[in-house]
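The values are calculated or read from the model by the stated rules, or taken from the named source; none is laboratory data. As the structure is a computational prediction, the values presented were derived from the model and not from experiment. Cβ atoms come from the backbone with ideal geometry, glycine included; neighbour counts cover every protein chain shown. In case anyone asks, the SASA skips ligands and DNA or RNA and just uses the protein heavy atoms, side chains included. Shrake-Rupley method; radii C 1.70, N 1.55, O 1.52, S 1.80 Å.
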Amino acid sequence: MKPHPSIFEAALKLAGVDAFESVMVGDSLSQDIEGARRVGMRGVLVRRSDTTSAADATTGVPVIKSLRNCPALL
């Protein structure tokens with residue numbers, strides 16, 4: 001169960017990739033992003049509201065408003 005590292009490790013194994021090659025895109029900083037970062041993945045936070053658009057200054061995690069913005073970060 002997220003954010004336990006084992007769920008991310010299992011997903012990486014199934015995908016056949018290393019953590020440094022992967023990005024977790026999610027809408028929960030505590031469940032999606034922090035869990036992924038603990039195993040070495042990058043994280044991108046989806047925040048569809050108008051509160052943040054560039055980066056979350058407190059965490060250094062890129063913040064996007066739409067999944068359409070994700071390719072630019074990859």
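Computed quantities for the displayed model
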{"item": "Two-site FRET efficiency, ALA10 against SER49, from Cβ-Cβ distance with R₀ of 30 Å, rounded to 0.05", "result": "0.45"}
{"item": "Alpha-carbon spread of the chain, three principal axes, descending order, Å", "result": "35, 22, 17"}
{"item": "Candidates LEU12, LEU29, LEU45: whichever shows maximal mean-square fluctuation once the chain is modelled as a Gaussian network with Cα springs under 10 Å", "result": "LEU12"}
{"item": "1.4 Å probe accessible area per residue over the chain, in Å²", "result": "65"}
{"item": "GNM top mover of SER49, SER22, SER30 - the chain, alpha-carbon springs below 10 Å", "result": "SER49"}
{"item": "Nearest 10 degrees, 0 to 90: helix 5-15 Cα axis against the chain principal axis", "result": "80"}
{"item": "Max mean-square fluctuation residue, GNM over the chain, Cα-Cα springs under 10 Å, options GLY26, GLY35, GLY60", "result": "GLY60"}
{"item": "Gain upon complete extension [ALA72, GLN31; 0.36 nm per residue less C-alpha separation]", "result": "12.4 nm"}
